[in-house]
Amino acid sequence: MGSSLVRIGGVKPRAVVVGAGPNGLTAAARLAASGWRVEVLERAGKVGGAAATQMLDDATLVDLGAACHPFGAASPAFRALQLEDYGVRWLRAPYEMAHPLDGSAAVLAGSLEDTAAGLGIDEKAWARLHKPVVARVDDLLEDVLAPMPRVPGHPLALARFGARGLWPATALGRAALRTEEARALLAGSATHAITSPSRPLTGAFGLLFGALGMTRGWPVAEGGSGAVTAALAKVVEEHGGQVHRGEEVRALPDADAVILNLTPRQVLPLDGTSLPARRARSMRRWRYGPGVHKVDFLLNAPVPWADPRVGKAATVHVGGTAEEIVRAERDVASGIMPERPFVMAAQQYAADPSRGLVLWTYAHVPHGYRERYPGEVAEKITKQIERFAPGFRAVVKERIETPPQELEAWNPNLVGGDIAGGAMDGTQLLMRQPHRLRKGLYLASASTAPGAGVHGMPGWWAAEAALRDFGATPRR
């Protein structure tokens, strides 16, 4: 991990990282391990950002933000930083993901063969569609998780992946698959783009998320997602860095390099950024996408899914058929709250029973959506789940709601409830904000490549840019 470090005037370069989420801490860890003097400034009273965990009074653990981590387990940055040596333990449920339908369900198993075998007449078609991605998943991740534009390290594998990934996931499903189960399994994974699976390039999300599940899995972090950011903080401190909590930054700190784990909305008001005019214009025009409304259901028994296999999955996509998901996501994009929203659910207890019985959920909602009446979205989420799990209401002890406004108040990066750091469609999907804003100022958030997710790669690339600017040889 080390680099040949050039000292400035005989003194190690100094970096200040603003924001102690996964990306900010990854950047700090990368630089600290390379010999820099590093300080992290976090406005909240604890580290974690959108990867934090809270313990309730009864010792139940609730993930406040991210829940399951297909990219975390496969992250090149986390692997290089050896987070397992700092307490991170990835746990997998019997099934990686499930997608219930009326009268049936589809499940994503931990291997291509087992997943395909459960899809009936689509067994061979599913295997044909995913085998090239599964076989080269590590090579593809090296390119997909890198900044763009960039000369790919594995052009043939990327070209083959892109030929299918450019398709909308729904069109790809109709062309390659025959059953509602297989098509829904693909479309649900594609909706992690937080846009309709009928949009171009969503096929890439569906294929890659599926391939990760069938290779690296969709695990949870033992003890909660906060274990990941706690481990990153330990790496920083072990290499002499300091992590300060309760420190809100309003002006650019004095340092050789400042790395901002912020989105454009938070960067622009900072005093002293001296952004190039073109970059400032780009930031002002940055679009934020749909929001999420989060509801944690505290349970007195596991969710009574009609198909028992769904209860054995860490992640559940609750949205019905691919066509139903398309309708819901189109409503959201039009500013309409759908009657049957797409709901992301996580049963971390299926992989980590020590957490207690919590069903973690969020529904996709219009940006900054304000409910027409209290409990509107939570009731729609409940109805969607009970549709596939009759008797769900009877096992709910309590529900904890966090609408978009409260999410943003907790973490200002979640503008209007947007958990992706900016809309993931059109040019913003491929051309995120750059990691290097100018020499000495860098951006490390989901607004940069490769986008949202607990994998630390935006922070890693921001740190690499700083290492290049100050004379070190970055790690490939």
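The values are calculated or read from the model by the stated rules, or taken from the named source; none is laboratory data. Quick caveat, the model's predicted, so the values are computed rather than measured. Virtual Cβ from ideal backbone geometry, glycine too; neighbours counted across all protein chains shown. These accessible areas exclude ligands, DNA and RNA; they are computed on the full protein's heavy atoms, side chains included. Shrake-Rupley method; radii C 1.70, N 1.55, O 1.52, S 1.80 Å.
Rounded to whole Å, the principal axis extents of the Cα atoms in the range 223-289 read 41, 32, 19, largest first.
The Cβ shell under 11 Å around VAL415 holds other residues with a net charge of 0, Lys and Arg each +1, Asp and Glu each -1. The share of accessible area on the range 59-147 that comes from carbon and sulfur is 50 percent, using a 1.4 angstrom probe. Taking the square roots of five times each eigenvalue of the Cα gyration tensor of the range 24-178, the equivalent ellipsoid has semi-axes of 34, 24, 14 Å, listed largest first. Taking all Cα pairs closer than 8 Å and separated by 6 or more residues, the relative contact order of the chain comes to 25 percent.
Accessible surface for the range 384-476, divided over its residues, is 35 Å² per residue with a 1.4 Å probe. Dipole size of the chain about its Cα centre, with +1 on Lys/Arg Cβ and -1 on Asp/Glu Cβ: approximately 1600 debye, rounded to the nearest 20. The range 100-117 and the range 298-321 have Cα centres lying 13 Å from one another.
The local environment of VAL396, defined by Cβ-Cβ distances under 13 Å, has a net charge of -1 under the rule Lys, Arg +1 and Asp, Glu -1.
Put a plus charge on the Cβ of each Lys and Arg, a minus charge on the Cβ of each Asp and Glu, and nothing anywhere else: the dipole of the range 13-135 about its Cα centre is then about 680 debye. The solvent-accessible area of THR382, taken with every protein chain present and a 1.4 Å probe, is close to 10 Å². With θ taken as phi - 60° and the Karplus curve 6.51 cos²θ - 1.76 cosθ + 1.60 applied, the whole-hertz 3J(HN,Hα) list for the range 287-297 is 9, 9, x, x, x, 10, 10, 9, 9, 9, 9 Hz, x standing for glycine and proline. Placing +1 on each Lys and Arg Cβ and -1 on each Asp and Glu Cβ, with no other charges, gives the range 226-338 a dipole about its Cα centre of roughly 500 debye.
Accessible surface for the range 178-287, divided over its residues, is 39 Å² per residue with a 1.4 Å probe. Reported to the nearest whole Å, the Cα centre-to-centre distance from the range 225-292 to the range 155-181 is 36. Accessible area ranking (1.4 Å probe, heavy atoms, ligands and nucleic acids excluded), largest first, for ASP57, ASP271: ASP57, ASP271. The shape of the chain can be summarised by an equivalent ellipsoid whose semi-axes, obtained from the alpha carbon gyration tensor, come to 35, 24, 21 Å from longest to shortest. On a per residue basis, the convex hull of the C-alpha atoms belonging to the range 174-258 measures out at 206 Å³. Normalised by 2.2 N^0.38 Å, where N counts its residues, the alpha-carbon radius of gyration of the range 320-393 equals 1.20. Among the protein heavy atoms, those of SER34 account for about 10 Å² of accessible surface (1.4 Å probe, every chain in place). Using a probe of 1.4 Å, the accessible surface attributed to MET344 totals some 10 Å² when neighbouring protein chains are kept in position.
Please work out, to two decimal places, the log10 of the ratio I(q)/I(0) at q = 0.12, 0.21, 0.24 Å⁻¹ from a Debye calculation in which every Cα of the range 399-476 carries one identical scatterer. Ignoring solvent entirely, the Cα scatterers give -0.41, -0.94, -1.08. These residues, THR427, THR202, go from largest to smallest accessible area, 1.4 Å probe, as THR427, THR202. Per residue, the average separation of C-alpha pairs within less than 8 Å and at least 6 apart gives the range 243-398 a relative contact order of 27 percent.
For every other residue with a beta carbon closer than 14 angstrom to the beta carbon of VAL295, add +1 if it is Lys or Arg and -1 if Asp or Glu, then tell me the sum. After counting each charged neighbour, the total is -3. Taking amide H as placed 1.01 Å from N in the peptide plane, VAL243 has its amide H under 5 Å from the amide H of VAL40, each at least 5 places away in sequence or on another chain. When ILE336, ILE259, ILE400 are compared by accessible surface with a 1.4 Å probe, the order from highest to lowest is ILE336, ILE400, ILE259. Pull up the DSSP beta bridges for the chain and report the antiparallel fraction as a percent, rounded to 5. Bridges in the chain are about 60 percent antiparallel.
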